[in-house]
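Down below is the structure, laid out as structure tokens.
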Amino acid sequence: MTSWRYLTMHAARDLADRGELDLDAIDRAIRSAISGENPALGSYTQCLSAGAKPQAVPGSTAHALAGFGVAIKANIAGTGWRTDCGSRILKEYSAPYDATVVARLRRAGARFLGVTAMDEFGMGSSCEYSAWGEVHNPWHPDRTPGGSSGGSAAAVAAGLAWYALGSDTGGSVRLPAHCCGIVGLKPTWGRVSRYGLTAFASSLDTIGVLARDVKDAAQVYSAIAGPDPLDATSLPVSPGDPVAALTGLPRRRRIGVPRDFVRAAATPAVIEDLERVLAGLSADGAEIVSVDLPGLEAALATYTVISCAEAASNLARFDGTFYGARQPGSHYAAMVAETRSVGFGPEVKRRILLGTHVLADGYREQFYLRACRARQGLVTGMTALFRDIDALALPTAPTAAFALGSRLADPIAMYGSDVFTVPASLAGLPALTVPTGLDTDGLPLSVQLVGPACGEDYLLQLGAAVEERIRFRELKEAPWQRPL
Amino acid sequence: MDERRLIHLEKLAGLQLESDERRRLLVDLAQMATLVARLPAGGGPLMVDPVIGSQRPAPQLDSPDNDFAGDLFLARAPHHDAGFFVVPAVRPENETKEEDR
Amino acid sequence: MAAASMSRNALPATVGLEIHARLLTGTKLFCRCANRYGDAPNRNTCPVCLGLPGSLPVLQAGALNLALRVGLALDCRINEVSRFDRKNYFYPDLPRNYQITQFDRPLCVGGQLNWNQDGITQPVGLRRIHLEEDAGRSVVGRGQPTRVDLNRAGTPLVEIVTEPDLSGGHPARLWLQGLRRLLVSLEVCDGNMEEGSLRCDANIGLQGVGDGPWTEVKNLNSFRAVARAVDHEIDRLRTLVAAGETLRRQTRSWDERTGATRLMRHKEREQDYRYFPEPDLPLLTVDPARLETLREQLPELPEARCLRLQSRHDLAGAEADLICQWPRLADYFEKTMDDLLPRLHEGSAGKVPAGRLTAGWICTETLSGMSERDLRGGSFPVPPVVLAELLWLLSAGRISRSTAKTVHAEYLAGTSGDESPEQIVRRLDLGSIADPVQVREICWQVLEAAPSQVKQWLQGKENLFEFFVGRVMAASSGRIAPEAARQCLKSLLLARRDDSSL
């Protein structure tokens, strides 16, 4: 067995269908590889055993997924594991129900390999705010895999999962995909049911996919997306057949680039890489236009206020009353304060307190309501923009994967990692990260494509075109090109 | 944001920081405040329905349907007794009668 | 002292009520757990109402329909678009440590419900009506751990807030009773204050003294408590003002035992609830077409029905009021009348008008022994057709009242088979004895059996007459009309007197 572990899922599916690949044997081999390699990598916090062979429900759209192992981020509920959200306060918590996405994957015959490391409750950009250990970037062990879905991305890049589910609130699927050189898809808000995803910032949270290529991402997305009666904010629109749509290329490709905004925040290497990708798209017939969107500058501040406000409310439930790790207290309020102070890490406390502040009497108008207005302005601006362009292209992050420990003392610098991802989050628009190249340190770079609401098909087509041109997967420096 | 304000926020948020945690946090929050100060002032419509804004009809069913194994869940709770979840006593100054909410 | 009491009485009070009514839905507001009172603790829970991580609220439409019914019946302006908000605070029986309610944009605004007494009608304006979920139940004991039952958590409430248009305890009580009657008749709430289906807080102020209410009074568990607490608090405030004291906004709790309110907290130390829009729920839109359908489906409201029955059937106010407490009971009354009236046109009418006869019967015989649930559900063991026949027989003098009761009891006990009242009367041989010969025979027997009392009557003890009447009623199982018995006894006794004087 040489490169089986690094095949794309769709390639492996073809081989398996022709009888040239034994998916059961591969599953066993992957689990064995996980136990051998995970301690150093840190991508998994729980490794699951194979269990009974999963049966795909006939008629489900994803024969493509049957038998393949998925890694699940620790904030997605499932009855077979502990959903601890990377936090001590949920240390032994086991969900008594399956998230809708998990149920859908089960019906598709997926295998569950394990639960991945994450920044506590999704709050972080480097996976360094996890209660349990560090995650290392498979490209370079001293670098971050990105956050908060760092464990999921690292597992996919290291060949320890065929694909993974993550959650993206301000960039937490796209940034790890960027850092680990894989594909990350954040669908339109409401496309994928949030039932079972531990809420961080409800109006921003989106379950996303980390995959080896665009086609794999499209496949997983089509299996998990679609309306859900258990999520009142889920859109009454089915995903259709985005994989079939991949064979074509959209005829009109008018791509907007917010160049001023990019130049203000990104490093020269990132800017250069973006321009190279854009030149390639242009050569293939796309029209590249510089666009201006005033709301982009304030997007990070807007995101910080809104996400912290919602998080402060969403995390209030964790007080040890009904589940989780309770600390003793002489009376109720003392128990609550002790449980939360011991159970939450410093980043979580920071955000809860800021969130409490921006919603408090006397401050609500100048912070929370102002942020809501700014958000509306951005949405209006984006909607207008998409009447003129088909997609937005910008970097996923200002830099390549930074060094572990380099931003821990500087929370603002840490938040800065999200500057390019938060606009699509605030507007609820779909966004796709596709790896595009390496910087001089050999760390991956990527492009982020943002589409109009429910424009996943278009994005995936465009992303496939970029991928086709760049052939990133063939880079000899990639972890998956190393001999096993 | 000063220490007194932070202590008030802690009470609202059900947290209790150590004094050195609090000192560090004040520095962090001051930095976050400069970030947050970049919010544009001025009016404009308030966004109240997240992003897509479409109205989804409420389910028409009114028949109960629930097969959740509540007793199994209760059994795993940190503290339970005779079918109830149990927490330390609510203190009188925090105590509010049932109707008081 | 006189001057002080004069100034005390001079300040009119401004009283507003805040009512929480639990809706009679099958499910909770945001999940499909059963909305049921009295089950074993934590029996009706699920990830949603437990607030487990990852759970999401989904509005169940039954509650919306009932809330709209209330808003329409109270003449409110229904907001086509309203919104849910989160009210954030920590408490053991609030699983998410926030309550989903409606703050900025409630379902209904405005509206009105009057209170009536003795022909006086006073309008009471409404400020707003909104939907919200209830918290669970905490069993709090001094120094004891707190026990939590989440069966009630997530059950649907409407909160109804009035303008401060009430002037005292008595109007407040009457108004609240009228509201309860309306909610019960609309079948949106069972109005049970003891079980907490209907909860009431009062906001009390004095006209011209400050802006808005000074006291919020809580823990009012009965209509009587509402009346007493409101009056007590008005008096307390007036006393403070007359003494020149500074008033402070307070939340006070009513203590039924001591008959006084006591301080719970000063309003300056009010909780900061950090309201913001609930991101897990879309805006609440009401389709105008559906609203029109609901409006058309509104039943006749109790106040209107009460007046109609009074005028049409000449009922006393109190009787009509009682009957209209339960729509099914009022239906029962009207159906019985529908059958009774034609019969009375055919045959002889009785001394008591049909409406009063029927109402009187229903208010006594029918109501006694019926449970609240039976009255709500409309299960009457005596079908209207049967009751109509029974009342006709009574009205025509064919049976006595006690016979009617006996026959009625047969239906209640289920031993009537499919017999008509007339058939039962015949079977039990309970027909009135009107034949003068039979009447005379029985009276004669009674007098024969009581020689010493007859002797005493002859000697002048006139009040023994009723004793003989009673004996005749007993001997005839009430089948002789009392008037007939009296006439006959009178003639027999007079005859004996004549005999003895001969």
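Quick look at the values:
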{"quantity": "Convex hull volume per residue for the range C:61-174, taking Cα atoms only, in Å³", "calculated": "149 Å³"}
{"quantity": "For A:Thr436, residues with placed amide H under 5 Å, excluding near neighbours", "calculated": "A:Leu445, A:Ser446, A:Val447"}
{"quantity": "Table column - 3J(HN,Hα) (Hz), the range A:313-322, Karplus curve with 6.51, -1.76, 1.60, x for Gly and Pro", "calculated": "6, 5, 8, 5, 5, 7, 9, x, 6, 10"}
{"quantity": "For the protein assembly as shown, with +1 on Lys and Arg beta carbons and -1 on Asp and Glu, the positive-most of C:Cys488, C:Ile399, C:Leu307 along the dipole", "calculated": "C:Cys488"}
{"quantity": "Positive-end residue, the range A:293-412 charge dipole about Cα centroid, Cβ charges, pick of A:Ala316, A:Ile389, A:Pro294", "calculated": "A:Ala316"}
{"quantity": "Of C:Lys87/C:Lys218; A:Lys349/C:Lys28; A:Lys53/A:Lys349; A:Lys91/A:Lys476; A:Lys91/B:Lys11, pairs whose Cα-Cα distance is over 31 Å", "calculated": "A:Lys349/C:Lys28; A:Lys53/A:Lys349; A:Lys91/A:Lys476"}
{"quantity": "Residues whose placed amide H lies under 5 Å from that of A:Tyr163, excluding near-sequence neighbours", "calculated": "A:Ala71"}
{"quantity": "Cα point-scatterer Debye curve for chain C, base-10 log of I(q)/I(0) at q = 0.09, 0.11 Å⁻¹", "calculated": "-0.80, -1.00"}
{"quantity": "Net length gained if the chain between A:Glu287 and A:Thr380 were fully extended (0.36 nm per residue, minus Cα distance)", "calculated": "31.1 nm"}
{"quantity": "Overall form of the range A:234-317 per C-alpha gyration tensor (a/c, 1.5; a/b vs b/c)", "calculated": "oblate"}
{"quantity": "Under 5 Å, built H, 5+ apart or other chain: amide partners of A:Ala391", "calculated": "A:Arg254, A:Gly256"}
{"quantity": "Total charge dipole magnitude, chain C, about the Cα centre, Cβ charges on Lys, Arg, Asp, Glu only, Debye to nearest 20", "calculated": "1160 debye"}
{"quantity": "Per-residue ³J(HN,Hα) for the range A:445-460, Karplus 6.51 cos²θ - 1.76 cosθ + 1.60, θ = phi - 60°, Hz, x for Gly and Pro", "calculated": "10, 8, 10, 10, 10, 10, x, x, 3, 6, x, 4, 4, 4, 4, 5"}
{"quantity": "Debye log10 I(q)/I(0) for the range C:231-285, one point scatterer per Cα, at q = 0.12, 0.25 Å⁻¹", "calculated": "-0.50, -1.08"}
{"quantity": "Unit charges on C-beta of K, R, D, E only; dipole of chain A, Debye", "calculated": "600 debye"}
{"quantity": "The range C:304-377, Rg to Rh (Cα coordinates; Rh as Kirkwood inverse mean 1/r)", "calculated": "0.97"}
{"quantity": "Sparsely packed GluC sites (Glu not before Pro) within the range A:59-145, loop by DSSP, other Cβ within 10 Å at most 11", "calculated": "A:Glu92"}
{"quantity": "Per residue Cα convex hull volume in Å³ - calculated over the range A:220-278", "calculated": "178 Å³"}
{"quantity": "Extreme residue, positive dipole direction of the range A:90-148, given options A:Thr144, A:Ser125, A:Pro96 (C-beta unit charges)", "calculated": "A:Pro96"}
{"quantity": "The range C:185-273 - convex hull of alpha carbons, volume per residue in Å³", "calculated": "139 Å³"}
{"quantity": "Estimated inter-spin distance, B:Arg38 and B:Arg91, nm [label 7 Å along Cα→Cβ]", "calculated": "4.1 nm"}
{"quantity": "Shielding by partners, peptide C:21-31 (average Cβ within 10 angstrom, other chains)", "calculated": "2"}
{"quantity": "Rounded FRET efficiency, nearest 0.05, which uses the C-beta distance separating C:Gln271 from C:Asp235 and R0 of 35 Å", "calculated": "0.75"}
{"quantity": "Mean shadow area of the range C:350-502 over all directions, Cα convex hull, nm²", "calculated": "10.9 nm²"}
{"quantity": "Ratio of Rg to Rh over the protein assembly as shown (Cα coordinates, Kirkwood Rh, two decimals)", "calculated": "1.13"}
{"quantity": "Per-selection Kirkwood Rh - the range A:90-171 (Cα, Å, 1 d.p.)", "calculated": "13.5 Å"}
{"quantity": "Approximate spin-label separation C:Arg373-C:His170, in nm, with each point projected 7 Å along Cα-to-Cβ", "calculated": "3.8 nm"}
{"quantity": "Computed over chain A: relative contact order in percent, which uses C-alpha pairs under 8 Å that are six or more apart", "calculated": "17 percent"}
{"quantity": "Size of the range C:1-148 as Cα extents on the principal axes (Å, biggest first)", "calculated": "62, 47, 29"}
{"quantity": "Relative pair counts by distance (%), Cα atoms of the range C:421-502, 5 Å bins", "calculated": "3, 15, 26, 23, 15, 9, 5, 3, 2, 0"}
{"quantity": "Per-bin percent of Cα-Cα distances, the range C:104-236 [10 Å]", "calculated": "11, 36, 36, 15, 3, 0"}
{"quantity": "Cleavage-rule hits, trypsin sites (Lys or Arg not before Pro), the range C:397-502, DSSP coil, Cβ neighbours within 10 Å at most 15", "calculated": "C:Lys461"}
{"quantity": "Rounded to 5, percent antiparallel among DSSP beta bridges of chain A", "calculated": "70 percent"}
{"quantity": "Efficiency of FRET from Cβ geometry, C:Ser311 and C:Ala495, R₀ 60 Å, rounded to 0.05", "calculated": "0.75"}
{"quantity": "For peptides A:242-251, A:137-146, B:13-22, sequence by mean Cβ density within 10 Å, most packed first", "calculated": "A:137-146, B:13-22, A:242-251"}
{"quantity": "Note, ³J(HN,Hα) from phi for the range A:242-251, Karplus 6.51, -1.76, 1.60, rounded to Hz, x at Gly and Pro", "calculated": "x, 5, 4, 5, 5, 5, x, 10, x, 5"}
{"quantity": "In Å, descending, principal axis extents of the Cα set of chain A", "calculated": "65, 53, 44"}
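Every number here is computed from the coordinates shown, using simple stated rules; none is lab data. Everything quoted here is computed from the prediction, not taken from an experiment. Every residue, glycine as well, gets a Cβ built from its backbone with ideal geometry; the counts of neighbours run over all protein chains shown.
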